[in-house]
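Right, one structure below, let's go through it.
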Amino acid sequence: MTFTEAEIDYLNSQRLGRLSTVAPDGYPNNRPVLVHHNPQTGTIDVTGFDLSQSGKWRNVGADPHVSFVVDDLASVKPWRPRGVEVRGDAERLTGEGVSPFGDEVIRIHPRRILSWGLDPDSPRAMERRDVSAVG
């Protein structure tokens, strides 16, 4: 399993994340995107309006290395940030049925996952782990 049960529950409760790609000039490009955990593939599937016409789509085509973050505040008092960061390789997919979430998808294959604040009994705990490539 790529993600822990707590990470899956958290990802499924969120709709927006931030995808960072590498722009042609070598600088990071960070954009808000719709987020979907794909349980069939153990990946993050990014969708959006006219995705294949976007800079993030072009960036992934030129350099597949990405970072993706979903985070929020469980509470302000006490301060309880929580989130999931995924670093990995992305691929561009188009066509009917490429994902249950749309016909244009940037699919992120995790290589490293960091999560924090997901355990209510230990809200300051952070988990970090590498993920083996599938296939």
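Taken together, the values in this text are just the output of simple stated rules run on the coordinates, not laboratory data. Being a predicted model, the structure only gives us computed values, none of them experimental. No Cβ is skipped: glycine too gets one built from the backbone with ideal geometry, and neighbour counts run over all protein chains shown.
Counting only other residues whose beta carbon sits under 11 Å from that of PRO110, what net charge do I get with K and R as +1, D and E as -1? All intermediate terms of the calculation are to be shown ahead of the outcome.
Values: positive: ARG87, ARG107, ARG111, ARG112, ARG129; negative: GLU7, GLU85, ASP89, ASP130.
Surrounding charge for PRO110 is +1.
If you consider only alpha-carbon coordinates, what radius of gyration and Dmax does region 25-103 have, in Å?
Cα only, region 25-103: 14.5, 46 Å (Rg, Dmax).
May I ask you to work out the translational diffusion coefficient for the chain at 20 °C, viscosity 1.002 mPa s, via Stokes-Einstein with Rh from the Kirkwood sum over Cα pairs, reported in whole µm²/s? Don't skip to the end; give the middle numbers.
Numbers: Rh = 15.3 Å.
Calculated translational D: 140 µm²/s.
Averaging sequence separations of C-alpha pairs under 8 Å and six or more residues apart, then dividing by the length of the chain, give the relative contact order as a whole percent. Please report the intermediate quantities before stating the final value.
Working: 284 pairs, mean separation 28.5, N = 135.
So the answer I get is 21 percent.
Please sort by residue number the trypsin sites (Lys or Arg not before Pro) in region 1-77 whose DSSP state is loop and whose Cβ has at most 16 other Cβ atoms within 10 Å.
On the way: sites: ARG15, ARG18, LYS56, ARG58; in loops: ARG15.
In loop regions of region 1-77 (DSSP not H, G, I, E or B), the sparsely surrounded trypsin sites (Lys or Arg not before Pro) are ARG15.
What number, rounded to the nearest 500 deg cm²/dmol, is the helix-based mean residue ellipticity at 222 nm of the chain, given -39500 (n - 2.57) per DSSP H run of at least four residues and division by all its residues?
Details: 2 runs with 17 residues, N = 135.
It comes out at -3500 deg cm²/dmol, rounded to the nearest 500.
For region 19-71 and region 85-135, what is the separation of their C-alpha centers, rounded to whole Å?
Between the Cα centres of region 19-71 and region 85-135 lies a distance of 11 Å.
How far apart, in nm, are the 7 Å Cα→Cβ label points at ASN29 and ASP72?
Label-label distance for ASN29 and ASP72, simple model: 2.8 nm.
What FRET efficiency do you get for SER13 and GLN53 if R0 is 30 Å and r is their Cβ-Cβ distance, rounded to the nearest 0.05? The partial results should precede the final answer.
Details: r = 29 Å, r/R0 = 0.98.
Efficiency, from the Cβ-Cβ distance: 0.55.
Tally Lys/Arg at +1 and Asp/Glu at -1 over every other residue whose Cβ is under 13 Å from the Cβ of GLY88; what's the total? Present the calculation step by step, with values, prior to reporting the outcome.
On the way: positive: ARG87, ARG107, ARG111, ARG112, ARG129; negative: ASP45, ASP63, GLU85, ASP89, GLU91, ASP130.
Combined, the nearby Lys, Arg, Asp and Glu give -1.
At a 10 Å Cβ-Cβ cut-off, how would you order SER99, SER54, fewest neighbours first?
Ranking SER99, SER54 by Cβ neighbours within 10 Å, fewest first, gives SER54, SER99.
Which one of PRO100, ALA90, SER52 is farthest out on the positive end of the charge dipole of region 15-135, using unit charges on Cβ (Lys, Arg +1; Asp, Glu -1) and the Cα centre as origin?
Towards the positive end, the residue furthest out is ALA90.
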